[in-house]
Amino acid sequence: MTRLFKREDLEQFLLERWSQQQITADRDLPRSALNAVLEQAAAAFTSALRCSHAKAAADLGAKLAAAYSLPAADVYCAGIAHDLCKELVSADQQVLARVCPIPCPPEVLSNHRFTHGPAAAALLFRTGLCTDLRILQAVAWHTVGSPEMDTLALLVFCADKIEPGRGGFSEELRAAWLSGAFPGEAGLLQLAGTILDRITAHCRIEGHPIADTTPVLYNALQQRLQHLTGTAGRPPKALPQ
Ligand SMILES: [Fe+2]
Ligand SMILES: [Fe+2]
């Protein structure tokens, strides 16, 4: 059984490591210093498997950042932090998620499978480690996505789902992504839609429930894609009754 951690211990760990890094007078640390602290926290407060997933997602995102005119260190930051609260006790995740500075729908805040996203964003914000709203959004929304995801959040959303440790359909999509098959915001919207499609098909085959949020997000992203490209796009998915 996975060992669960306490919010206070994680917060204290982050604040201690962070203060050790505060070497400049204005405390405006480079993102790389923050990323080093977050890597240490991921190693200490998540299982080896989850830690390597976070690093792989962060690495994949950082590798692709320049193609979307994003700072690699910012993408890495969101990637390494995105699952940092997943192994906190459930009540502690909820306490944090309730004070998340990024708006999240009630179904995310009340579902124990999804609270770790807003919880991690709140943790970064509360501790003062990161107040960059783009990074906080990417972290908060990574579980079920949001129609409002910008390029950074879309990139992290996709990297989380198809990093090299993921099996199934991820390899083919990742290879295409790395070879430039999904350029610009439109490309990321297309990739996110394809990932949602594949996840839905996989759930059907395996008999897993499909989250109500999946078709809603799919349709919203397709609509954005149609506006952006002026094309008809794929047909909308049926929404849950
Ligand atoms: Fe997650
Ligand atoms: Fe993840």
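Coordinate-derived values only; no laboratory data. The model shown is predicted, which means the values in this text are computed figures rather than measured ones. Heads up, the Cβs are rebuilt from the backbone with ideal geometry, glycines too, and the neighbour counts pull from every protein chain shown.
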Report summary line: In order over segment 110-116: 3J(HN,Hα) from phi, Karplus 6.51/-1.76/1.60, θ = phi - 60°, whole Hz, x for each Gly or Pro, gives 9, 9, 4, 6, 10, 5, 5
Requested in this report: Can you tell me the 0 to 90 degree angle between the C-alpha axis of helix 151-162 and the longest principal axis of the chain, rounded to 10?
Outcome: 80 degrees
**Report entry** Amide H contacts of residue 5 (H built 1.01 Å from N, under 5 Å, at least 5 apart or other chain)
**Finding:** 88, 89
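Express the relative contact order of the chain as a whole percentage, based on alpha carbon pairs under 8 Å and six or more residues apart in sequence. Don't jump to the answer; show the numbers that get you there.
Values: 334 pairs, mean separation 37.2, N = 241.
Worked out over the chain, it gives 15 percent.
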Report summary line: segment 112-159: relative contact order from alpha carbon pairs under 8 Å, six or more residues apart, as a whole percent, is 34 percent
Query - For residue 132, distant residues with modelled amide H under 5 Å away - result: none
Report summary line: Quick calc, the chain, dipole around Cα centre from Cβ unit charges on Lys, Arg (+) and Asp, Glu (-), nearest 20 debye, gives 340 debye
Report summary line: Whole-Hz Karplus couplings 3J(HN,Hα) for segment 163-179, θ = phi - 60° and coefficients 6.51, -1.76, 1.60, Gly and Pro as x, run 5, x, x, 7, x, x, 7, 5, 4, 5, 5, 5, 4, 5, 4, 5, 9
Query raised in the report: Out of 168, 117, 145, whose Cα points farthest toward the positive end of the dipole of the chain (charges: +1 Lys, Arg; -1 Asp, Glu; placed on Cβ)?
Result: 168
Query raised in the report: Residue-wise, which Karplus ³J(HN,Hα) couplings in Hz belong to segment 78-89, taking 6.51 cos²θ - 1.76 cosθ + 1.60, θ = phi - 60°, and x for glycine or proline?
Result: 5, x, 6, 8, 5, 10, 4, 9, 5, 10, 7, 4
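For a protection proxy built on the mean count of beta-carbon atoms within 10 angstrom, sort 30-41, 146-157 highest first, please.
146-157, 30-41
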Query raised in the report: Taking neighbour counts of Cβ atoms within 10 Å as a proxy for exposure, in what order, fewest first, do 82, 116, 208 appear?
Result: 208, 116, 82
Query raised in the report: Cα to Cα, under 29 Å, and not fewer than 8 places away if on the same chain: which lysines meet these conditions relative to residue 6?
Result: 55, 86, 161
Query raised in the report: So for 170, 90, fewest C-beta neighbours within 10 Å to most, what's the order?
Result: 90, 170
Query raised in the report: Summing Lys, Arg as +1 and Asp, Glu as -1, what charge do residues with Cβ under 13 Å from the Cβ of residue 171 carry, residue 171 excluded?
Result: +2
**Report entry** Mean separation of Cα contacts under 8 Å (6+ apart) over length of segment 82-161, as relative contact order %
**Finding:** 28 percent
Report task. Taking the Cβ of each residue in 45, 5 as the centre, tally the other Cβ atoms inside 10 Å and list the residues starting with the fewest. Result -> 5, 45
